[in-house]
Amino acid sequence: RIGPTMPMSSERASGPVEAPDKTVEEFVAAFLNELNFGQGVLLSRSTINDQYLALARTVRQYLMAGWLETGVQRRESGRKTIGYLSAEYLLGRQLSNALLATDLQDIADEAMKQCGIDIAALRAQEIEPGLGNGGLGRLAACFVDSLATMDVPCIGYGIRYEYGIFRQTFEDNRQVEVPDSWLSLGSPWEFPHPERQVRVDFGGRTETYTDDQGRERSRWIPDWNVLGIPYHHMVPGFRNGTVNTLRLWSAKATQAFDLQIFNSGDYAAAVRAQTFAENISKVLYPEDSTPQGKELRLQQQYFFVACSLHDFIQNTLPQDFDLRRLPERIIFQLNDTHPVIAIPELMRILVDRKGFDWDEAWDITRQCFAYTCHTLLPEALEVWSAELLGRLLPRHLEIIYRINKEFLEEVRETFPGDEMRIRSMSIIAEHPERSVRMAYLATIGSSKVNGVAELHSQLLRDKVLPEFSQYWTEKFTNVTNGITPRRFVFLANRRLSDLITDKIGSGWVTDLERLRDLEPYADDADFRAEFAAVKQANKERLFKVLQARDGIELPEHAMLDVMVKRLHEYKRQSLKLLHIVSTYESIISGRMRAEDAVPRTFVFGAKAAPGYHMAKETIFLINSVAATINADERVKDVLSVAFPANYNVTLAEKLIPAADLSEQISLAGKEASGTGNMKFALNGALTIGTDDGANVEIRQLVGDDNFFLFGMTEPEVEQLRAEGYQPTSYYRSNDRLRATIDLLAGGHFTRGDRAASAQVVDNLLTQDPFMALADFQGYLDAQDRVDAVYRDTDAWTRSAILNVARSGFFSSDRSMRDYLDRIWNA
Ligand code: Z2T
């Protein structure tokens, strides 16, 4: 068919907003209309990208009425809104999710077929918005999905980075980063609203003055500013008509800013100044959980927080709203400390701009915030130097000092003379330089503080914020993370979804605990066969993807053993590598016959922060080991190692449903929660894991028989550390470990170049900060247990089914219920 076709009827354009009918005919008509009138091309002349954009805009039409209607309802109802403040949203592709939410998948398939288009090619055209690093950003995306599905009012606030997380490529086995220009081919999912721009001030100084009532007050005289332009994204609920909003801010130079320099005649400087302002939302910082303390990052944080607070107070509340009642209308959830500058910002708005007394403003402010901590690593706790904060946000620093002074006075009343305690609770650290501890500010300025898994919340209370948890026992709580079953089961694993729905109906998609009803089928041989066939089909689908995407060829029948997550020493990809090399060494040394090994395919997916040297060396070594093993005839089809580049949400959706074994092997006490672990369990992989993060809860739920536990517990880690950990003693006393490390160190995987593997190996032997060597033997033993169960196909499949049936708890819908009940009072 060749367009153009009739435009949409004119009644529709002027009457209430209506979606096209959910028929193939109307879908085709709307699509051609978008192609012709939106994209300005004929079908016969259109590129795949034209077609993708037109399809996206067509699906958008089906969401529009719900979006506008949700907006009206939200304004009229006066219900409390969740303002989710997050510097990251790792959304994944939008097209498939929107088709799923609107239940248009089959109609769109058929409509495209009628236009002679392969819809799969259009889906593949979308560059996923990678506006996050990993777990924290993906969690934010799952949470907004759940809130829309539960019809809870939520605005997700964040930053519209022009470049998201870098695209990873490999050159000579080393990671090379390529900028992710996700907007370059058009961005059909966003709605720019330049008319709703917000001005954000920076720099300058403060001065004191006396107000009309004779009170001493402070005012901020900033010296530069930028504009924030909001871009709205739809967040569709699952087939419920609700569409919430994600509001991402983009920085633009203000006219005042460039004109000033422009008038001085220096045109080049004026243009430079513009770039300077627009740099603020240019690029996502690629460090997962180890912030770099860069000035631009603080600018990003304040930029999006200032825009968001202003937006909510000025544009979302009714005119003349009494701000004393603000806590009835909003709760700002702080996704880690990245948005914590919102606390002094709200104080500034209330005190400096709205004329509130300090005490009343403070009372309001604390009720409007709740803080989620996502880490235990001391190096990941954000601290800003007072010098930098004072230079960029002088009034905010002043406010922070006052918050601190009044808080410490209060503590002094409870604990007179306990100056040690006072110092340890101060927001301000004095060494090595005067600085602001953002987690303390967050804790003091929030009504609730939560960790992200039971163990993590416990350690947060006991180890990270012990004085605070004693002082405010009620303030601390846990909400275990979750994942959206829509994207990570229903969308990613259609085959499994159909099998489940066939047995227990489709209610599980929005009520995941219903998966319990699958338990009896674990003992049903026919069901097990079907379940195993689904897994096999998912593997074949994955292998096709890896073949097309990376040219990787994998054997059809091998256990698929997967470790996908950011590259971090605490996550211990190096321990996984030791296991692989050890198995390989056993075979090539003749200690084990290849025929006796359970065939395994190991898959890694991991990005390293560009400045994280040891992580990049580990990537190099994994790639080197992979190349050597894959080329070695002695282990052909018994051991294979694949490391597809650029692991992201899109690849996760293919990889996770295909996995047999999920690797969750962090050193106990280091992984706050993990969420990949939940995705694997819900897709029928068994976990080999330590007693860490949400692994603890997964094991409790699925049962010890269906989980391969190994390694030290957190108290054992502490004890070993206290005794003085010596990795070489493990190397000396364990023959397997020694043979493994010697093979790695001897240049076998690096064409005889011993130096090439030396950094990772020496780090393990001399520092081993995350005690991989101490857990090595336990890990191998657990892997032997994995092999034994895997040989018994029925036993394995039975366990896999039970993992699915018992993991309903890990729905992010449940996480949202918990936040609503325990934190938001909404
Ligand atoms: C992050 O992804 C996580 C924690 C951070 O601490 C920062 C980032 Cl970017 C500051 C991860 C945790 O490592 C992971 O255990 C957890 O599951 C995830 O956040 C979501 O809570």
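For the range 152-197, the set of residues classified as within 19 Å of Ala140 (Cα to Cα) and among the aliphatic types (A, V, I, L, M) consists of Val152, Ile155, Ile159, Ile165, listed by residue number.
All of Ser673, Ser640, Ser624 fail the test of being within 16 Å of the ligand (Cβ to nearest atom) and small (Gly, Ala, Ser), apart from Ser673.
Specify which of the listed residues (Tyr401, Tyr371) is within 16 Å of the ligand (Cβ to nearest atom) and either touching a helix residue (DSSP H, G or I) at 6+ places or on another chain (Cβ under 8 Å) or over 19 Å from Gly156 (Cα atoms) (or both).
Numbers: Tyr401 fails: within 16 Å of the ligand (Cβ to nearest atom).
The conditions single out Tyr371.
In the set (1) touching a strand residue (DSSP E or B) at 6+ places or on another chain (Cβ under 9 Å); (2) crowded, with 17+ Cβ neighbours inside 10 Å; (3) not in a helix (DSSP H, G or I), Ala273 fails one condition alone, (3). Given (1) surrounded by 22 or more Cβ atoms within 10 Å (Cβ to Cβ); (2) part of a helix (DSSP H, G or I); (3) within 27 Å of the chain's Cα centre (by Cα), where does Gln367 come up short, assuming only one miss? Among (1) surrounded by 22 or more Cβ atoms within 10 Å (Cβ to Cβ); (2) part of a helix (DSSP H, G or I); (3) within 27 Å of the chain's Cα centre (by Cα), Gln367 violates only (1).
Pairs are defined by a Cβ separation below 9 Å, a sequence spacing of at least 6 or placement on different chains, a first member in the range 284-296 that is under 20 Å from Glu162 (Cβ atoms), and a second member that is in a loop (DSSP other than H, G, I, E, B) and at pLDDT below 95; the pairs so defined are Tyr285/Pro291; Tyr285/Gln292; Tyr285/Lys294. With respect to Tyr62, is the statement that it is among the aromatic types (Phe, Trp, Tyr) and within 23 Å of Gly130 (Cα to Cα) true? So Tyr62 fails the test.
Scanning the range 623-645 for residues that are buried (at least 17 other Cβ atoms within 10 Å of the Cβ) and of a type outside the set (Gly, Ala, Ser) yields a total of 10.
Considering only residues of the range 374-391 that are more than 8 Å from the ligand (Cβ to nearest atom) and part of a helix (DSSP H, G or I), which is surrounded by the most Cβ atoms within 10 Å (Cβ to Cβ)? It comes out as Leu389.
Select from the range 494-529 the residues that are in a loop (DSSP other than H, G, I, E, B) and over 23 Å from Arg814 (Cα atoms) and list them in ascending order. Before the answer, list the steps.
Step one: list which residues in the range 494-529 are in a loop (DSSP other than H, G, I, E, B), which gives 505-506, 510-511, 524.
Correct list: Asp524 only.
Looking only at strands (runs of 3 or more DSSP E) that lie completely in the range 659-714, which have at least 2 residues being more than 21 Å from the chain's Cα centre (by Cα) and in the same structural domain as Phe490 (by TED's automatic domain parsing)?
Of the strands (runs of 3 or more DSSP E) lying wholly inside the range 659-714, those with at least 2 residues that are more than 21 Å from the chain's Cα centre (by Cα) and in the same structural domain as Phe490 (by TED's automatic domain parsing) span 686-689, 707-709.
For Asp705, the criteria (1) within 18 Å of Phe776 (Cα to Cα); (2) of a type outside the set (Ser, Thr, Tyr); (3) surrounded by fewer than 21 Cβ atoms within 10 Å (Cβ to Cβ) hold in every case but one, which is (1). Looking across the range 52-94, the residues that are within 24 Å of Phe304 (Cα to Cα), away from the ligand (no atom under 16 Å from the Cβ) and touching an Asp or Glu at 6+ places or on another chain (Cβ under 8 Å) come down to Lys80, Arg93, Gln94.
When the range 284-333 is examined, which residues are found to be within 16 Å of the ligand (Cβ to nearest atom) and part of a loop (DSSP other than H, G, I, E, B)? Please lay out each step first, then the result.
Quick first cut of the range 284-333, residues within 16 Å of the ligand (Cβ to nearest atom) only: 284-294, 297-298, 300-301, 304, 333.
Answer for the range 284-333, where residues must be within 16 Å of the ligand (Cβ to nearest atom) and part of a loop (DSSP other than H, G, I, E, B): Leu284, Tyr285, Pro286, Glu287, Asp288, Ser289, Thr290, Pro291, Gln292, Gly293, Lys294.
Per the conditions (1) of a type in the set (Asp, Glu); (2) buried (at least 19 other Cβ atoms within 10 Å of the Cβ); (3) away from the ligand (no atom under 16 Å from the Cβ), the sole criterion not satisfied by Asp336 is (3). When residues in the range 55-77 are screened for being touching a residue at least 12 places away in the same chain (Cβ under 8 Å), polar (S, T, N, Q) and surrounded by fewer than 17 Cβ atoms within 10 Å (Cβ to Cβ), 1 of them pass. Screening the range 78-172 for strands (runs of 3 or more DSSP E) wholly inside it with 2 or more residues that are surrounded by fewer than 19 Cβ atoms within 10 Å (Cβ to Cβ) returns the ranges 167-171.
Scanning the range 446-472 for residues that are over 16 Å from Leu334 (Cβ atoms), part of a helix (DSSP H, G or I) and more than 16 Å from the ligand (Cβ to nearest atom) returns Arg461, Asp462, Pro466, Glu467, Ser469, Gln470, Tyr471.
The values are calculated or read from the model by the stated rules, or taken from the named source; none is laboratory data. Since the model is a prediction, treat every value here as computed from it, not as a measurement. Glycine also receives a Cβ, built like all others from the backbone with ideal geometry; neighbour counts cover every protein chain displayed.
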